[in-house]
Structure formats: C-alpha cells, structure tokens
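Heads up: the structure comes next, in structure tokens.
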Amino acid sequence: MKFLIDANLPRRLVRIFQEHGYVAVHTLDLPEGNATADIALLDYSEKNDCVITTKDSDFSTSFWLQNRPSKLLLISTGNIKNAELEILLTANFDQLISALIENRYVELTREHMIVHA
C-alpha cells in the first residue's frame, strides 16, 4: 500500500509510514509541490495506486460524488499540533492499515476511527 500525503498535513508523516514499511510521498515531493491541484492529486493517486491522506474534506465530496480517489484516509482532527497528530497516527496505525485493506474510505478523528461503507 502506498500513501500520498496532502499539503495540509506535515511532511513528517511520510516518515511514520516509511517506518512501518510503506511507501509514502508528500505533495512537496511532486513537481508542483504543495500547489498541486486536487485533480492532479486524484490522477496521481490513481496512476500510482496511492491512498490519499488528507485533512481536506473536498476529497470526501469527490469520493462520494465522483468515486475518486480509490482509497481515502481523511484526518478529521481540526486544529492539532504536529506532535499530537504524529502520536495519534502512530497509536492507531495498525488499525488504520487493517481498515484500509478492507475498505476504501477511513476517517481518523481525535477519538475514533470511522470506516465509511
């Protein structure tokens, strides 16, 4: 499983995915960097079979209305310090991966992991 980390999340999250043995790319690593348009991110994720990992609810709308991206990890924590986000992601990492293996859309809040069917 590969992950595309959106501009609204810290680049440091790439390291967490890599430490768990997964390929992860941040938008900063793409040719247009953090200015990469959402449509280009959708295209990239499909071409490279990546889970879009984002805080941007526009991708949720795209998921439901356009059936894109093929897999989505939505981080719905509101404002959160980067260190707290890293702790939250790490604490829930194995559950998130298991959920994403079986499902296309998983949401992580401060309190819950939600699998959208």
Taking the number of other C-beta atoms within 10 Å as the exposure measure, put Lys71, Lys55, Lys2, Lys47 in order starting with the fewest. Lys47, Lys2, Lys55, Lys71
Among DSSP beta bridges lying fully in the chain, give the percent that are antiparallel, nearest 5. 20 percent
With the dipole of segment 2-116 defined by +1 on each Lys or Arg Cβ and -1 on each Asp or Glu Cβ, the option from Asn48, His116, Asn92 whose Cα lies farthest towards the positive pole is Asn92
Tell me what the chain gives for mean residue ellipticity at 222 nm when only DSSP H runs of n ≥ 4 count, each as -39,500 (n - 2.57), the sum divided by the residue total, rounded to 500 deg cm²/dmol. -12500 deg cm²/dmol
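Report the Rg/Rh value for the chain, based on alpha-carbon coordinates and the Kirkwood definition of Rh.
0.92
Pairs of lysines 8 or more apart, or on different chains, with alpha carbons under 18 Å: count those in segment 2-116, would you? Write down the numbers at each step before the final one.
On the way: Lys2/Lys47; Lys2/Lys55; Lys2/Lys71; Lys47/Lys71; Lys55/Lys71; Lys55/Lys81.
Lysine pairs, 8 or more places apart or on different chains, close enough: 6.
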Given Cβ point charges of +1 (Lys, Arg) and -1 (Asp, Glu) and nothing else, what value in debye, to the nearest 20, does the dipole of the chain about its Cα centre take? 100 debye
Starting with the fewest neighbours, write out Glu86, Glu32 ranked by other beta-carbon atoms found within 10 Å of each beta-carbon. Glu32, Glu86
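Readers should treat all values here as calculations from the given coordinates under stated rules, not as data from a laboratory. What you see is a predicted model, and the numbers here were worked out from it, not measured in a lab. Backbone-built Cβ (ideal geometry, glycine too); neighbour counts: all protein chains shown.
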